[in-house]
1. Scanning region 88-97 for residues that are assigned to a helix (DSSP H, G or I) and out of contact with any strand residue (DSSP E or B) (no Cβ under 6 Å at 6 or more places or on another chain), which turns out surrounded by the most Cβ atoms within 10 Å (Cβ to Cβ)?
2. When the residues of region 98-120 are narrowed to those that are in a helix (DSSP H, G or I) and aliphatic (A, V, I, L, M), which ends up surrounded by the fewest Cβ atoms within 10 Å (Cβ to Cβ)?
3. Mind checking which residues of region 35-92 are out of contact with any Leu (no Cβ under 7 Å at 6 or more places or on another chain) and charged (D, E, K, R)?
4. Taking the criterion of being over 18 Å from the mean Cα position of the chain (by Cα) and within 24 Å of Arg56 (Cβ to Cβ), would at least one residue in region 135-151 satisfy it?
5. Condition first: touching a Lys or Arg at 6+ places or on another chain (Cβ under 9 Å) and among the polar types (S, T, N, Q). Now tell me which residues in region 81-100 satisfy that.
6. Are there any pairs with C-beta distances below 7 angstrom linking a residue in region 52-81 that is within 28 Å of Asn42 (Cα to Cα) to a residue that is in a helix (DSSP H, G or I) and among the aromatic types (Phe, Trp, Tyr), with the two at least 6 apart or on different chains, and if so which?
7. Has region 137-149 got at least one residue that is hydrophobic (A, V, I, L, M, F, W, C) and either farther than 27 Å from Lys171 by Cβ or without any contact (Cβ under 8 Å) to a residue 60 or more places away in the chain (or both)?
8. Every residue in region 91-136 that is more than 18 Å from Cys72 (Cα to Cα), among the charged types (D, E, K, R) and in contact (Cβ under 8 Å) with a residue 40 or more places away in the chain, please.
Amino acid sequence: MKKKLLWIGGFFIVLMAAFYFFLFAGTDYYKAKLPVLNYVQNFSFTDQNGKQLTQRNVEGKVYVAEYFFTTCKGICPKMNANMKTIYDQYKNEADFAIISHTCMPETDSVPLMKAYSKKMEAGSNWFFVTGNKDSLYKMARESYLLDNEKNNSLNIQDQFIHTQFFAVVDKEGRVRGVYDGLKKDELDKLSRDIKDLLRERKTPAVFNNSTFTNNPN
């Protein structure tokens with residue numbers, strides 16, 4: 001009798017384990033998630049083809065954001081060489097993109113951005129954007145966390161962002177990581193995190209309530 005009870009108890013333990021495995025199979029709840037650092041604000045810039053680029057163009061995509069300028073002779077060439085390695089790894093992923101923002105819109109015209117994109121052998125999912133300086137800088141600081149937002153109080157004409165950091169944004173428009181674009185270990189982490197975010201689902205596969213949610217709150 002005792003053996004029978006032990007067998008029944010063991011059976012139910014295995015049954016419950018199997019239930020929870022299949023319950024969460026295909027979801028991300030069993031994985032260690034990247035933190036949500038910020039939410040990307042609405043934006044509208046002009047890409048290298050003279051077309052408007054907004055958040056709708058990258059909706060449902062994982063993308064990397066950076067800031068540079070085309071005539072830079074310092075950190076930008078190295079940054080974008082490193083960005084190119086990231087691009088080459090994921091350029092064939094339908095849900096991946098890169099947005100390279102100019103930090104010198106007063107000189108980086110659409111033709112210059114187009115020439116630079118050709119130099120980088122960028123495809124249709126690597127956008128080089130220009131636009132209003134105030135809007136570009138606000139995005140860097142308040143959305144992507146690539147510069148101190150307190151600098152927004154300065155006269156825009158006196159401001160200059162020159163950062164080597166990249167931000168990765170998930171399919172729901174949330175910043176999930178910031179990485180030093182000049183360090184190999186950080187680039188390796190960025191690559192791994194992109195892979196994980198591409199696999200991450202936007203909404204739970206089974207439940208949609210306050211207990212089982214993909215919301216960071």
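1. Applying the filter and picking the extreme gives Gln89.
2. Here the residue is Ala115.
3. Listed by number, the residues that qualify are Lys51, Arg56, Glu59, Lys61, Glu66, Lys73, Lys84, Asp88, Lys91.
4. The answer is yes, given that some residue of region 135-151 is over 18 Å from the mean Cα position of the chain (by Cα) and within 24 Å of Arg56 (Cβ to Cβ).
5. Hits for region 81-100 are Asn82, Gln89.
6. Thr70/Tyr116
7. Looking for residues that are hydrophobic (A, V, I, L, M, F, W, C) and either farther than 27 Å from Lys171 by Cβ or without any contact (Cβ under 8 Å) to a residue 60 or more places away in the chain (or both), one finds none in region 137-149, hence no.
8. Glu93, Asp95
The values are calculated or read from the model by the stated rules, or taken from the named source; none is laboratory data. Predicted model, so just to flag it, every value in this text is computed and none were measured. As a convention, Cβ positions derive from the backbone with ideal geometry for all residues, glycine included, and neighbour counts pool all protein chains shown.
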